[in-house]
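Only one structure is covered here, and it is reproduced in the block below.
The values are calculated or read from the model by the stated rules, or taken from the named source; none is laboratory data. Predicted model only: the values in this text are computed from it and were never measured. For neighbour counting, all protein chains shown are included, and Cβ atoms are generated from backbone atoms with ideal geometry for every residue, glycine included. Surface accessibility is based on the protein's heavy atoms, side chains included, excluding ligands, DNA and RNA. Shrake-Rupley method; radii C 1.70, N 1.55, O 1.52, S 1.80 Å.
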Amino acid sequence: MRTLVVYSHPCPESYNAALKTAAVETLENAGHEVRVIDLYAEGFNPAMDADERRGYHEPDKNVEPVAEHVEAIMWCEMLVFVYPTWWFGLPAMLKGWLDRVWVPHVTFEMPSETSGMKPKMQHIRKIAIVTTCGATWLISKFMGEPGRKTILRGMKALCAPSCKSLYLAHYKMDTSTDQSRSRYLAKVRQHLGKF
Amino acid sequence: MRVLVLYSHPVESSFAAALHEKVIDGLQNAGHEVDDCDLYAEDFEPRLSREERLAYHDLEHNRLPVSGYVERLLKAEALVIVTPVWNFGYPAILKGFLDRVFLPGVSFKMADGKVVPNLQSIHKLAVVTTYGGTRLRAFLVGDPPRKIATRLFRGLIKPGAPVGYYALYDMNRVTQVQRENFLSKVHSKMGAF
C-alpha cells in the first residue's frame, strides 16, 4: 500500500526519531511503498499566513504554497503519524501541516445551503498514530485526547468510510525506563507490521 | 484586572479580527488593563526548537527563548483567548504558544513525577471562537478545543475560577444577522468580564 509517514520531532536523537525509524522499517518489510515527510528536517512553516488564508477557499490557488505536500496526501492510501503528544495535542508543527495542507476543494467540499461538508479523501483507507504522552492513560482520557481526536475523528471523516485506524501510545514518558521504551518499540513493530 | 488576550488570526479583515476588536473594546470599557498579544502581528514562532526541547526540563534555562511571553503570562490575572477553530483544533500559532510558553516552572511544576498547576494568579478565563463545522459535528469529534479550555486550562489556573466559552458554529453558513448577534454578545460579555 502507498504509505505516507508524517513525522514531527525537533531532535534527530530523540525516542520519537527511533519510533519513526522502526515504523518505516516495519512498513517497508510488510511490503508497503513508503514516503516520509520529516517536518522539522524540511523546515516546514506551520503558521498559515495572511495571503494563504485569503486564498484558502480558491481552488488551485490554495494548493500552490504546499503543492508537494498536497501531491503526497493525494498519492497515499495509508497515513502514519509519528509525533510526541504535547499538551494532549499535536505539536504546533504537525497541527500547522494539517491546517495548511488539508485544504478545501482538494480534501473536502465546503458545506452549502443545501448540503453538508463533502469528504474527498476516500483513497485513504488506513490511518495510524504512533505517539508518546507525558500524562497517564487516565488523565489523557479525562482531557478528551484532543490530538487523537483531531486526527482519528476530524481528519478521518474526510477519508474512506471504511477507513481503519490504529492508535498506539507510550504513556508516562517522564518516568519511562529502557525496558518500557523497548517494549513500546516492539509493540509498534508488531502492530504496524500487521496493520 | 490585568487581562492577557491571546489572539490568533492572520487576516485583518477577518471575522476573528472583528471579534478581537470587540473583546479589547469590551474589556477596556469594563476598566481592565489589557495586554493584547496578537500572535500573528508579533510574528510568534510556534515551533518548539531542538535547543528548547533539550532544555525543556531545565527550570533555569527553559524560559529564556520566550522570556517576554512567560513574563506576560505570569503577570496576567485573567486570560481571554480569541481564535478560530481550524480542523477541530487551535491554529498552529496558538498551539505553539502552549508548546513553547506553558513550560515546566511556568504553567506547572513537577513534583514526584506529578504535574502541579502553577497559573493560580489567573482567576478568570474566557474563550471566544468560531467553528467551520456545526455544533453537532464538533460534539461528535469530541470538541477538542472546548476540552482544552474547560479541562486543561481550568486545571492550570486558580481552582474554581470561572471559565466562559463563547462559540459560533457552522461559519460557512451563518447569516449576517447571526454574526452580528454573536459580535454583540461577545462585546457585552467582555464588558461584564
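Computed over neighbours whose Cβ is under 12 Å from that of B:ASP99, the net charge equals +3, Lys and Arg +1, Asp and Glu -1.
Among A:95-106, B:135-146, A:56-67, B:87-98, the peptide with the highest mean count of other Cβ atoms within 10 Å heads the list, and the full ranking is B:87-98, A:95-106, B:135-146, A:56-67. Using a probe of 1.4 Å, the accessible surface attributed to A:CYS159 totals some 10 Å² when neighbouring protein chains are kept in position. Of the cross-linked pairs A:LYS172/A:LYS194; A:LYS164/B:LYS147; A:LYS20/A:LYS187, those separated by over 18 Å at the C-alpha level are A:LYS172/A:LYS194; A:LYS164/B:LYS147. Per-residue mean of foreign Cβ neighbours for A:149-156 is 5 (Cβ atoms of other chains, 10 Å radius).
Given the Cα atoms of chain B, and with Rh set as the inverse mean 1/r over their pairs in the Kirkwood sense, what is Rg to Rh to two decimals? Value, to two decimals: 0.96. Angle of helix B:176-191 to the longest C-alpha principal axis of chain B, folded into 0 to 90 degrees and rounded to 10: 50°. Report the paramagnetic label zone for A:ASP178: residues of region A:1-35 whose backbone N is under 18 Å from a point 7 Å from Cα along the Cα-to-Cβ axis. The answer is A:14-16, A:18-19. Taking the longest Cα principal axis of chain A as reference, the axis of helix A:92-101 is set at about 30 degrees. Region A:19-84 and region A:131-195 have Cα centres spaced 19 Å apart. Within straight-line reach of B:LYS124, meaning a Cα separation under 13 Å, sit the following aspartates and glutamates at least 8 residues removed in sequence or on another chain: B:GLU77.
A cut-off of 5 Å between modelled amide H atoms, ignoring neighbours fewer than 5 places along the same chain, links B:ILE81 with B:LEU6, B:ALA126, B:VAL127, B:VAL128.
With Rh defined as the Kirkwood radius, the inverse of the mean 1/r over Cα pairs, the Rg/Rh of chain A is 0.97.
If you place +1 on the Cβ of every Lys and Arg, -1 on the Cβ of every Asp and Glu, and leave all else neutral, what size is the dipole of the protein assembly as shown about its Cα centre, to the nearest 20 Debye?
In total the dipole reaches around 1900 debye.
Phi-derived couplings, Karplus 6.51 cos²θ - 1.76 cosθ + 1.60 at θ = phi - 60°, listed residue by residue for region B:116-122: 10, x, 9, 10, 5, 5, 8 Hz, with x used for Gly and Pro.
Sorting B:39-47, A:175-183, A:118-126 by their mean Cβ neighbour count within 10 Å, with the most densely packed peptide first, gives B:39-47, A:118-126, A:175-183. A cut-off under 13 angstrom between Cβ atoms defines the neighbours of A:SER8, and their net charge, with Lys, Arg +1 and Asp, Glu -1, is +3.
Region B:65-92 and region B:96-171 have Cα centres spaced 10 Å apart.
Below 8 Å between Cα atoms, with a sequence gap of 6+, how large is the relative contact order for region B:58-128 in percent?
43 percent
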